[in-house]
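First up is the structure itself, then whatever we jot down about it.
Rule-based calculations on the coordinates, nothing more; no lab input. Computed from a predicted structure; not experimentally measured. No Cβ is skipped: glycine too gets one built from the backbone with ideal geometry, and neighbour counts run over all protein chains shown.
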């Protein structure tokens, strides 16, 4: 058998171009369904795992899928915002913990997520380097953000301006990276986490500026008893430091500040049911189970996969026929060669073994390559696949 | 043959035991790849350490210490030389607060750092919230305008809430409730301790109101604007200055004092700590008696919150004629 394999290998090696073409065709034929299956399983599994670990999600009435995609996977969908008062309302019930989520902004092309410290414990996110968020203007970055941008604790990071063509809009805020997270193999790896108050500052709801009580005359337009009016020269801070942190403040009622969604963690199952009951007839808000929404998404993915499978199998059948045709034609062309082999003393059975070994080596290599790509996609392409699906939805 | 390149060469080179070893490695890799990835999805636990309660001032630490069952650690981490209202903790100190099982805030804008710090909301209790409809203002409000957003003001709320003993009692009741939530098995002992604390605070309240009643409508001065809630609770007419006990009065301070006395002819002045002898002499020359009324935001060198407040009540009652001086 070894010598048959050797002769087959020498033949394939000699006809490299033809072999490569056939192996690649077979790899695509075998790999596509495998990769598709792996992709589908990975997406469904990872989407479901994250959704199932999030008991309830509160958001404004509207597309439940957009709400889940933005709040859980940090893909901006432009969902309507709740307010901080909604989180207080959930907390006040005593039935659940409300974790605020403010999404929609970016920091150096990665999603900026404003939340509370409870989020890290809730998701089981562990620190790799540095420390937790301590004050306004600090950020903790996911493992992928740290690796891609080469950032470590102590480095600065800029938020992306939310209003690129609006000169009077909000300018980027310079954040301080204080910690990096261990990989969690999910959307948290590519997020930049800040305190929800920092997110509000980044979107212009809060700011810090020179103390008007001590500002010079060219900054203050008018100063009356207890009132000062400043002109545009007033220095507003674009970075929060120890020296100016006390000057940062928010305008308006703090309870009216926006939240994209609220992760609701009920104390127990009964509390969850009670809470859902309270929001059933709410005309402006929806309290949903993300797992239910993702199940719907998975069903769509499954339907799409079925259609794709039919196409892939049709193409595959054509490839297989082509392979058989190529092999048959090749054997015909090699009739003289086989005759010579027989004359040299090679039995017919040996000749069949050599031909079989050629097919075995080519098919074997294709199977190995297809399995390798399927494995790589299934195990290392999870986040990439998630983004591919969620961005397009 | 063995020196031939490619799969055939490899096949020839590998003996059966090596092939088995490779197969085991391959299966191992596959198993590793198939194992569940990612971090655990359970909330972080505090492990085996005893439950801890962190506070932003000494009165809250005192209430927590009086009420907490054995085994609960009460920590007030501000250094002794700073006023906790204006303390700026380091990130490490904030980290300690973040790890606490319960964080007791005063409310009314006390401890400004808590507005910008990242603290776990689920473990925060703002003790003064809901104890009053509205908090008193400091009067240091600056309204300003810049940009198109219109006027806005950085209003300051008076925050020394615990100098009104009824408010202090209300705050203590919040401490009681949160401790019961933290250690439900010790509910009975916490409630018993709260009854004792209620008794002590009520007695203090009665004495302070008695002292204020004896003083009636007469004006009073204060070295710092920290007595708003005491004045509000007891009906005292207090005007505040900004004098430091450890600093001598400047000519301008004396001039301001004299102008204030023209409008507000006070005979008693409350000080957070004993002023310098020269200051006391200056005040004495104007017929003003110094009464040390320590707000006890920091732990005293001797005694505790109750002994400090009892001392305050005794000195005030003596100065106002509410009680016989001892």
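Past the 16 angstrom mark, what percentage of all C-alpha to C-alpha distances in region A:1-64 do you count? Write out the running numbers ahead of the final one.
Values: 1428 of 2016 pairs.
The answer is 71 percent, as a whole percent.
Over all Cα pairs of region A:282-340, how is the pair count split among 5 Å bins, expressed in % and running from 0 up to the last occupied bin?
It works out to 4, 14, 10, 9, 9, 8, 8, 7, 6, 6, 5, 4, 3, 2, 2, 1, 1, 0, in whole percents.
I want the antiparallel fraction of DSSP beta bridges within region B:206-320, as a percent rounded to 5. Spell out each step's value before the answer.
Working: 0 of 10 bridges.
So the antiparallel bridges amount to about 0 percent of the total.
What FRET efficiency comes out for the pair residue A:250/residue B:157, r = Cβ-Cβ distance, R0 = 25 Å, nearest 0.05? Walk me through the intermediate numbers first.
Details: r = 15 Å, r/R0 = 0.61.
E between residue A:250 and residue B:157, to the nearest 0.05, is 0.95.
Against the longest alpha carbon principal axis of chain A, how many degrees, from 0 to 90 and to the nearest 10, is the axis of helix A:84-93 turned?
90
Compute the distance in nm between two label points, each set 7 Å from the Cα along the Cα-to-Cβ direction, one at residue B:196 and one at residue A:17.
Result for the modelled spin labels: 9.8 nm.
Provide, in order from the shortest bin, the percent of all Cα-Cα pairs of region B:206-320 in each 5 Å bin, continuing until the bin that contains the maximum pair distance.
Over region B:206-320, the share of Cα pairs per 5 Å bin runs 2, 12, 23, 26, 19, 12, 5, 1 percent.
What fraction of the Cα pairs in region A:84-129, stated in percent, has a spacing above 16 angstrom?
That fraction is 53 percent.
Suppose R0 equals 51 Å. What FRET efficiency, 1/(1 + (r/R0)^6) with r the Cβ-Cβ distance, do residue A:48 and residue B:115 give to the nearest 0.05? Show your work: numbers first, answer last.
Values: r = 39 Å, r/R0 = 0.77.
For residue A:48 and residue B:115, the calculated efficiency is 0.85.
Based on a Kirkwood Rh over C-alpha pairs, give the Stokes-Einstein translational diffusion coefficient of region B:194-236 at 25 °C and viscosity 0.890 mPa s in µm²/s. Walk me through the intermediate numbers first.
Details: Rh = 11.4 Å.
D = 215 µm²/s.
In whole Å, what three semi-axes, largest first, describe the equivalent ellipsoid of region A:237-314 built from its Cα gyration tensor (square root of 5 times each eigenvalue)? Write out the running numbers ahead of the final one.
Working: eigenvalues 349, 124, 30 Å².
Taking √(5λ) for each eigenvalue gives 42, 25, 12 Å, largest first.
Helix-only mean residue ellipticity at 222 nm, chain A, DSSP H runs n ≥ 4 weighted -39,500 (n - 2.57), per residue, nearest 500. What is it?
Details: 12 runs with 198 residues, N = 393.
My calculation for chain A gives -17000 deg cm²/dmol from helical runs alone.
Can you give the direction-averaged projected area of the convex hull of the alpha-carbon atoms in region A:256-393, in nm²?
15.4
Among B:234, A:346, rank each residue by its count of other Cβ atoms within 10 Å, from fewest to most, as a rough exposure measure. Mind showing how you got there, number by number?
On the way: B:234 22, A:346 15.
Ordered from fewest to most neighbouring Cβ atoms within 10 Å, B:234, A:346 come out as A:346, B:234.
On a C-alpha basis, how far is the centre of region B:226-248 from the centre of region A:192-207 in Å? Whole number, if you could?
Each part reduced to its Cα centre gives a spacing of 37 Å.
In a solvent-free Debye calculation with one equal scatterer on each Cα, what is log10 I(q)/I(0) for region A:72-154 at q = 0.11, 0.14 Å⁻¹, listed in the order of the q values?
Per q value, in the given order, log10 I(q)/I(0) is -0.36, -0.58.
Dividing the Cα convex hull volume of chain A by residue count, how many Å³ per residue is that? Could you put the intermediate results ahead of the total?
Details: hull volume 80.1 nm³, N = 393.
It comes to 204 Å³ per residue, whole-number rounded.
Based only on other Cβ atoms within 10 Å, what is the fewest-to-most ordering of A:200, A:313, B:87? Present the calculation step by step, with values, prior to reporting the outcome.
Numbers: A:200 22, A:313 13, B:87 18.
The order, fewest Cβ neighbours first, is A:313, B:87, A:200.
Bin by bin, in steps of 5 Å, what percent of the Cα pairs in region A:1-132 do you find, going until the bin that has the longest distance?
Histogramming region A:1-132 at 5 Å steps yields 2, 8, 11, 14, 14, 10, 7, 5, 5, 5, 6, 6, 4, 3, 2, 1 percent.
Between residue A:81 and residue A:347, with labels modelled 7 Å along Cα→Cβ, what's the label distance in nm to one decimal, could you check?
Using points 7 Å along Cα→Cβ, the separation is 8.3 nm.
Considering only C-alpha atoms, what is the centroid distance from region B:256-302 to region B:156-182, in Å?
Answer, in whole Å: 27.
Calculate the length of the line joining the C-alpha centroid of region A:271-300 to that of region A:44-90, in whole Å.
Cα centres, region A:271-300 to region A:44-90: 10 Å.
Can you sort B:243, B:293, B:86 from fewest to most other Cβ atoms within 10 Å of each residue's own Cβ? Walk me through the numbers before you get to the answer.
Numbers: B:243 22, B:293 27, B:86 12.
So the ranking, lowest neighbour count to highest, is B:86, B:243, B:293.
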